[in-house]
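Trainee: The following block contains the structure, expressed as structure tokens.
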Amino acid sequence: MEALAHGLPVVAPRAFALPELVRHGVTGWLFEPGDLEGAVAAVDGLLGDSIGLSDMRRRCVTDFRERWSIEHRNRVLTDVYAGATR
């Protein structure tokens, strides 16, 4: 989350909760666990495309704000609490 918040695309294995956090091709690249060639290709792809990297960096910040920021969490909790008091 910290990387996304700072506009840093993430390259991560498609394991645990990482696919929930990283949107493949949007905020980073996911590769199959143990696939070293896939990981290297993802990093090379990011570093070799400065325009795509710049776009992805902006999408990282936007995605973080929309899904993981404190402001978003506060809105969600406010809605939950408001629904519980009805």
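Throughout, read-outs are computed from the coordinates displayed, never taken from laboratory work. Note that this is a predicted model, so its numbers are computed, not measured. All Cβ positions, glycine included, derive from the backbone under ideal geometry; neighbour counts span all protein chains shown.
Trainee: Quick check on the stretch 32-46: of everything there that is touching a residue at least 12 places away in the same chain (Cβ under 8 Å), in contact with a strand residue (DSSP E or B) (Cβ under 6 Å, 6 or more places away or on another chain) and not β-branched (Val, Ile, Thr), which residue is surrounded by the fewest Cβ atoms within 10 Å (Cβ to Cβ)?
Mentor: Pro33
Trainee: Only one of Asp49, Asp63 is surrounded by 12 or more Cβ atoms within 10 Å (Cβ to Cβ), in contact (Cβ under 8 Å) with a residue 12 or more places away in the chain and not hydrophobic (A, V, I, L, M, F, W, C). Can you tell me which?
Mentor: So the residue among Asp49, Asp63 that is surrounded by 12 or more Cβ atoms within 10 Å (Cβ to Cβ), in contact (Cβ under 8 Å) with a residue 12 or more places away in the chain and not hydrophobic (A, V, I, L, M, F, W, C) is Asp63.
Trainee: Let me ask something else about it. Checking Gly7 against (1) in contact with a Lys or Arg (Cβ under 7 Å, 6 or more places away or on another chain); (2) among the small types (Gly, Ala, Ser); (3) free of Cβ contacts under 8 Å to residues at least 40 places away in the same chain, only one condition comes out false. Which one?
Mentor: Every condition holds for Gly7 apart from (3).
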